[in-house]
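Here is the structure we will look at, set down as structure tokens.
The values are calculated or read from the model by the stated rules, or taken from the named source; none is laboratory data. The shown structure was predicted, so the numbers you read here are calculated from the model rather than taken from an experiment. With ideal geometry, Cβ positions are generated from the backbone for all residues, glycine too; neighbour counts draw on all protein chains shown. Just so you know, the surface numbers come from the protein's heavy atoms only, side chains and all, with ligands and any DNA or RNA stripped out. Shrake-Rupley method; radii C 1.70, N 1.55, O 1.52, S 1.80 Å.
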Amino acid sequence: MSVAFRRDGDEEHLEPKFEIPIPPGPNRVTARGLRLIGERVTELEARIAAGGEETAIAALKRDLRYWQTRQITAEPVPAPDGEKVEFGTSVTFALNGKQRTLVIVGDDEADPASGHIAFSAPLARAMIGAEVGECVAFGGKEDAIEVLAIAVAREE
């Protein structure tokens with residue numbers, strides 16, 4: 001049989017495994033974000049040490065590389081003063097007649113379902129630098145967002 005028609009194994013037909021992409025730009029973190037990254041690294045190291053199936057361990061090692069890189073490149077941001085919307089503040093605002101409160105955090109700490117959005121998100125970028133009572137443009141509309149309150153986000 002010709003070598004062209006031989007198949008050495010099923011490995012060559014599996015999906016390639018890529019590294020987890022690192023978000024572009026600086027890796028700004030709150031004190032809470034830095035603590036969460038450290039906890040994630042510790043958890044992954046423990047799971048790898050516990051052993052298991054080879055493919056599961058490979059995935060855990062890939063995740064560990066990502067989180068170790070994020071831990072090394074982390075840039076802790078000083079606590080805000082709460083006078084204007086900035087990284088680490090909790091912002092209460094009105095958008096389209098609805099009032100919401102969000103905390104502006106780093107990329108890895110962001111969880112919109114729990115009210116934490118990344119500083120790089122369009123909504124956060126629109127509000128950064130605004131003060132209480134100020135209206136800012138968003139989504140092509142002038143005065144789309146009214147900043148109602150600003151507070152220093154508390155650690156969880």
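Summary of values
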{"read-out": "Pick from segment 18-46, criterion in contact with a Lys or Arg (Cβ under 7 Å, 6 or more places away or on another chain) and either assigned to a helix (DSSP H, G or I) or not β-branched (V, I, T) (or both), ranking: modelled with the highest pLDDT", "value": "I37"}
{"read-out": "Verdict on P21 being over 27 Å from A149 (Cα atoms) and of a type outside the set (S, T, Y)", "value": "yes"}
{"read-out": "Strands (runs of 3 or more DSSP E) contained entirely in segment 47-156, each with at least 2 residues that are among the β-branched types (V, I, T), in contact with a Gly (Cβ under 8 Å, 6 or more places away or on another chain) and closer than 24 Å to P23 by Cβ", "value": "98-105"}
{"read-out": "Enumeration of residues in segment 140-150 that are open to solvent by 50 Å² or more (accessible area, probe 1.4 Å) and either of a type in the set (S, T, N, Q) or touching a residue at least 12 places away in the same chain (Cβ under 8 Å) (or both)", "value": "E146, L148"}
{"read-out": "Segment 77-100, residues that are exposed (fewer than 15 other Cβ atoms within 10 Å of the Cβ), farther than 15 Å from A144 by Cβ and among the charged types (D, E, K, R)", "value": "D81, E83"}
{"read-out": "Identity of the residue in segment 27-57, among the aliphatic types (A, V, I, L, M), free of Cβ contacts under 8 Å to residues at least 24 places away in the same chain and open to solvent by less than 70 Å² (accessible area, probe 1.4 Å), that ends up nearest to D111 (Cα to Cα)", "value": "L44"}
{"read-out": "Subset tally (residues that are open to solvent by 40 Å² or more (accessible area, probe 1.4 Å) and over 19 Å from P76 (Cα atoms)) for segment 101-128", "value": "5"}
